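Here the structure comes first, spelled out in structure tokens, and everything after it is commentary.
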Amino acid sequence: MSTLSKRDFIVGAGVTMALGVMGNTAQAARHTTWDLIVVGGGNAGLPTAIFAAERGAKVAIVEAAGILGGTLHLSSGQMSAAGTRLQRQRGIIDSPDLHYADVMRISKNTANPEILRLAVNAAAPAFDWLMDQGFKPIDTHPITGTTHEPYSQPRYVWGRNGGRDILEVLNRQLAPHVQSGRITVLTGHSAVELVQARGSGAVTGLVVRDADNRKITLHARQVALTSGGYTANPQMFLKYEGTRTHTRATYPFSQGIGLELGLAAGGYIRGGEHHTPLFGAVLADDQSPTAMRAMARHFPPERPPWEILVNGQGQRFLREDIPSHDAYEMALARLPDERCWFVFDETIRLQAPPLLRGGFSGPWTDADTERAFADGTYGFHRATDLRALAQRAGIDPQGLLDTVASYNRGRDAGKDALGRTHLPAPIATAPFYAIAINSWNLLSYAGVAVDAQLRVIRRDGSAIPNLYAAGELLGMGTVMGNGMPGGMSVMPALSLGRLLGKELITFA
Ligand SMILES: Cc1cc2nc3c(=O)[nH]c(=O)nc-3n(C[C@H](O)[C@H](O)[C@H](O)COP(=O)(O)OP(=O)(O)OC[C@H]3O[C@@H](n4cnc5c(N)ncnc54)[C@H](O)[C@@H]3O)c2cc1C
């Protein structure tokens, strides 16, 4: 899955066909005034539509891709929910308050209190509902965490097939509404513009573009924007998060249209300042975004570090054995272009446990690492002395020489300058090695501002009539703040989408 293209997801409306709604086109749909148009049939949009239909609303889902499901096709589907039935059955005492406190701890008190409160309160009912409809978590779950900063309580859950297990449930719930005509699915139709009443700015419809590139206006009493984030749109990523996104591991339809629609309607964007990268991508080449060759194992409780980590000046910037994903992510976020290097020597190469593992491009073994050094693969550097190594890698040579000397002295004295205690070997035996590491991103931190009813709001706090939003479009900086609490994208998308359809949207 090195490069995902839109073509992969334009598959002749497979899901739509299964639901028996082939032939639905916006040309036909334009004659109806929909109670609700849902823009984007993904993790947030599907429950919005399902629960609105259960209340009797006549709903159209406008979906740009050829299939429904959005990011759930790729997502690991990891969810966090507190106070669930599953937790009670396992004797775990947890609550939305504890969940809230954990997210605030991990985000350094930067998550939006109002929206976070809404998300943690909505999580357990949505998760219980998912289980009632047949969702099966992994036997040993819930857990406190793995690849993200651990929670204080075991509340972290996913299924064997990641996001696809969630999608299976949603598709099953959607089908009867499609068959009854309550929900109309328009795949292969892209939302391009909202229609608003003059004066009040109330949303009255949506302009879509069909597969033949024709613009068609649909009429609606309410519109819910659930079109996901912008991680597949490098320009928008740079604009809102102030840094490049290096990898292409995300859903190709995550182009950020919802932010543009929200802005054009009079809303505003927030949260990008909380940008939080994932640590540890080994990139395929210097094109950004590009494929991810491998990932670094950098969580010290699982693999205590043998190497040092340096920035472009050759300086260490982090106590490498700090037992925190967040510390790694925050440290990387401060470096130019979010890039650093693992540096080590021949003894460490021979004795340390594997540093790299497979990434989004498939498996990765020690033999692959050996080959990469031998071939001079992009990002892999080897040299007989540290100065030459630095020159090859693009690190300041004198900086690296000074840093390695200082690290070795600290290690001999048992007193590391940054407080590191795992000091298994000096960096002293040629040849020397460096592996370039970059950030990678799966989430959009900026999104449209909403109030506690998930109504899209203007800067003065007033709601734009008839316009709602949920999912990644709210911006992870709002729900997660500056950090990456696990499962806080999949779960809020699903649970707030459900809340929107079930309660928050008002139908006349
Ligand atoms: C590889 C990967 C792994 C992840 N793993 C996790 C995880 O384990 N836990 C977690 O919490 N988060 C994870 N995430 C993030 C999480 O999956 C998403 O943030 C979340 O599912 C987003 O849901 P959504 O409904 O907001 O957006 P999506 O599911 O992306 O749905 C948006 C929909 O809108 C459609 N759309 C876009 N533009 C238009 C348009 N112009 N007109 C009509 N439709 C449009 C899209 O095609 C899509 O179907 C992961 C993300 C990725 C990419």
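The values are calculated or read from the model by the stated rules, or taken from the named source; none is laboratory data. If you're wondering where the values come from, they're calculated on a predicted model, not measured in any experiment. Quick reminder, even Gly has a Cβ in these numbers, built from the backbone with ideal geometry, and neighbours come from all protein chains shown.
Some points to look at:
- Count of residues meeting criterion [surrounded by fewer than 21 Cβ atoms within 10 Å (Cβ to Cβ) and in a loop (DSSP other than H, G, I, E, B)] in the stretch 256-283: 2
- Filter result (over 34 Å from the mean Cα position of the chain (by Cα) and among the aliphatic types (A, V, I, L, M)) within the stretch 372-399: ALA374, ALA383, LEU386, ALA388, LEU389
- Selection over the stretch 62-101 of residues that are within 14 Å of the ligand (Cβ to nearest atom) and in a helix (DSSP H, G or I) gives a count of 5.
- The sole residue among ALA425, ALA452, ALA436 that is of a type in the set (Gly, Ala, Ser), assigned to a strand (DSSP E or B) and either more than 16 Å from the ligand (Cβ to nearest atom) or out of contact with any helix residue (DSSP H, G or I) (no Cβ under 7 Å at 6 or more places or on another chain) (or both) is ALA436.
- Restricting the first member to the stretch 114-131 and to residues that are among the polar types (S, T, N, Q), and the second to residues that are assigned to a helix (DSSP H, G or I), the beta-carbon pairs closer than 7 Å and six or more apart or on different chains are ASN121/PRO96.
- The one condition from (1) closer than 13 Å to ILE50 by Cβ; (2) within 13 Å of the ligand (Cβ to nearest atom); (3) not assigned by TED's automatic domain parsing to the domain that holds VAL450 that ALA224 does not meet is (3).
- Condition met for TRP364 (buried (at least 20 other Cβ atoms within 10 Å of the Cβ), within 27 Å of the chain's Cα centre (by Cα) and not in a helix (DSSP H, G or I)): no
- Note on the stretch 349-373: residues that are in contact with a strand residue (DSSP E or B) (Cβ under 8 Å, 6 or more places away or on another chain) and over 30 Å from THR144 (Cα atoms) amount to 5.
- Test: residue in the stretch 419-426 that is surrounded by fewer than 19 Cβ atoms within 10 Å (Cβ to Cβ), of a type in the set (Lys, Arg) and at negative phi: no
- Within the stretch 373-396, residues that are without any contact (Cβ under 8 Å) to a residue 12 or more places away in the chain sit with their Cβ atoms under 8 Å from residues that are surrounded by fewer than 20 Cβ atoms within 10 Å (Cβ to Cβ) and not in a strand (DSSP E or B), at 6+ positions apart or across chains, in these pairs: GLN391/PRO397.
- Cβ pairs under 6 Å, 6+ apart, first in the stretch 189-211 and in a strand (DSSP E or B), second charged (D, E, K, R) and within 11 Å of the ligand (Cβ to nearest atom): SER190/ARG209; VAL192/ARG209; VAL207/GLU193
- Within the stretch 136-179, if we keep just the residues that are basic (Lys, Arg) and not in a loop (DSSP other than H, G, I, E, B), the residue that is surrounded by the fewest Cβ atoms within 10 Å (Cβ to Cβ) turns out to be ARG172.
- Filtering ASP102, ASP97 for residues that are crowded, with 16+ Cβ neighbours inside 10 Å and among the acidic types (Asp, Glu) leaves a single hit, ASP102.
- Those residues of the stretch 217-246 which are small (Gly, Ala, Ser) and assigned to a loop (DSSP other than H, G, I, E, B), in sequence order: SER227, GLY228, GLY229, ALA232, GLY242
- Selection status of THR290, within 15 Å of the ligand (Cβ to nearest atom), of a type in the set (Ser, Thr, Tyr), in contact with a strand residue (DSSP E or B) (Cβ under 9 Å, 6 or more places away or on another chain) and over 27 Å from GLY399 (Cα atoms): no
- Failed item, numbered, when SER5 is tested on (1) at pLDDT 95 or above; (2) surrounded by fewer than 22 Cβ atoms within 10 Å (Cβ to Cβ); (3) of a type in the set (Ser, Thr, Tyr): (1)
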